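Each remark here refers to the structure printed beneath this line.
The values are calculated or read from the model by the stated rules, or taken from the named source; none is laboratory data. The shown structure was predicted, so the numbers you read here are calculated from the model rather than taken from an experiment. Methodologically, a virtual Cβ is constructed for each residue, glycine included, from the backbone with ideal geometry; neighbour enumeration extends over all protein chains shown. Ligands, DNA and RNA are stripped out before the accessible areas are found, and what is left, the full protein with its side chains, is counted by its heavy atoms. Shrake-Rupley method; radii C 1.70, N 1.55, O 1.52, S 1.80 Å.
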Amino acid sequence: MAAWLNALRKRHAKQYATMQHELQELQYFQERKEGYKESIVGDTNREKREKQEEMERLAKEKAEKERIEMLQKRRKTLRENLPEEPSAGDTSNVMTIALRFADGRTGKRRFNAEVELNELFNWVDGFFDIEREKVILSTMNGQRSFTFVGEDAEENDEETSEIMTLEEAGFGRMTGLRVTERKEDEEEEEE
């Protein structure tokens, strides 16, 4: 019986090897087919995600571009609407404000004492290109600081939230102020 089985194995060895090879190839084919399907699904998802990210990026760029255009228009308006600087000979009720920026720049201008404090922020925004909502003006000794007061500010917000004149703010005839810019994360904390 062993001889018969051995003869049978020898006679059909090529056919058996072919069948084994076909089974292996069928298994490889199934794996490639599944991998191809997964690849198509992955590529489709990646393309959707990339398209969504591109749309979001374009929307952000458009919003930023509109914001910059709005800022440029506003700065032009602020420069045009800034009160006239009193003449050098006029010393009654006139204050000289000197600014020192964190980057080393300086600015100096004369204002009437009855001018609102917000005009200083308009001056900084219009001529030094720092958004007035992000500016913090502080005295050189750091004891007092002032922020821009918009139309929608609450009256009980803090000491500096009320609209006051330069005289009411306690500025002398010559006052030096340090200009710092509020960071984005500080603004988010306040909201």
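Odds and ends about this structure:
- Scan region 81-113 for residues that are part of a loop (DSSP other than H, G, I, E, B) and aromatic (Phe, Trp, Tyr) and the total you get is 0.
- Test for Lys10: is it open to solvent by 80 Å² or more (accessible area, probe 1.4 Å), within 30 Å of Thr165 (Cβ to Cβ) and part of a helix (DSSP H, G or I): no
- Unmet criterion (only one of (1) surrounded by 13 or more Cβ atoms within 10 Å (Cβ to Cβ); (2) part of a loop (DSSP other than H, G, I, E, B); (3) at pLDDT 90 or above) for Trp123: (2)
- Residues (of a type outside the set (D, E, K, R) and open to solvent by 90 Å² or more (accessible area, probe 1.4 Å)) located in region 23-77: Leu23, Leu26, Gln27, Tyr28, Phe29, Tyr36, Gln52, Met55, Met70, Gln72
Residue-by-condition table, conditions (1) within 12 Å of Leu177 (Cα to Cα); (2) at pLDDT below 90; (3) open to solvent by less than 30 Å² (accessible area, probe 1.4 Å):
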{"site": "Asp103", "(1), (2), (3)": "no, no, no"}
{"site": "Arg110", "(1), (2), (3)": "no, no, no"}
{"site": "Ile130", "(1), (2), (3)": "no, yes, yes"}
{"site": "Leu137", "(1), (2), (3)": "yes, no, yes"}
{"site": "Gln143", "(1), (2), (3)": "yes, yes, no"}
{"site": "Glu154", "(1), (2), (3)": "no, yes, no"}
{"site": "Thr160", "(1), (2), (3)": "no, yes, yes"}
